[in-house]
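Here's the structure we're looking at; comments come further down.
Laboratory data are not the source of any read-out in this text; all were calculated from the coordinates shown. These numbers come from a predicted model, not from an experiment. Neighbour counts are summed over all protein chains in view; Cβ atoms, including those assigned to glycine, are modelled from backbone coordinates with ideal geometry.
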Amino acid sequence: MRQFLRPLLLTLAVTGLYAGVAVVIGMTGDESRAATTERVVTDRLTGLAIYGYDPVAYFTESEPREGVAAYELSWAGATWRFSNEGNRDAFMQDPSVYEPRYGGYDPVAIGTGVPTPGHPGVWLVHNQRLYVFHSEANRALFMTSPAEAIQRAEGHWAQVKAQLVP
């Protein structure tokens, strides 16, 4: 009986160890990943659109700024944060001017039919529209021919958007 139990216990211990490692890896993964089932890139832990960055600051300050809880607004199924009252008010007046194109998904990835969340630190304002990219490489690719990249993204956006939960 002992010869049977010892290998069984060893197998169970090793399996438990692997399961524990898998859980730890899952818990310590990139916590800023967005859910790809939302029409606006939203931090799945906080519910904040574009990870809590102020979308108006990209235009007014030419850099990303984290918003603060005192200046929040609910719009398009997400909570948006702003760095000041003026930015929040400007967004409220016309969100379509300031929201990132394609809901904050990378336009290069959208052009391939894949909703890949953009990172608020990798961005570009082109023709008065904010684009957020998954990587520096995708931003560089976009910048080589913005019109083509936008045309490809527009060609896939309706199909990709239909897959995302409103």
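One table, with the values for the structure above:
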read-out	value
Residue ID - farthest from Val40 (Cα to Cα), chosen from residues in the stretch 70-90 that are in a loop (DSSP other than H, G, I, E, B) and free of Cβ contacts under 8 Å to residues at least 60 places away in the same chain	Asn84
Segments classed as helices (runs of 4 or more DSSP H), wholly inside the stretch 91-166, with at least 2 members that are of a type in the set (Gly, Ala, Ser) and surrounded by 12 or more Cβ atoms within 10 Å (Cβ to Cβ)	146-163
Residues within the stretch 86-101 that are under 24 Å from Phe142 (Cα atoms) and hydrophobic (A, V, I, L, M, F, W, C), tallied	1
Candidates His134, His126, His156, filtered to the one that is in contact (Cβ under 8 Å) with a residue 40 or more places away in the chain and not basic (Lys, Arg)	His156
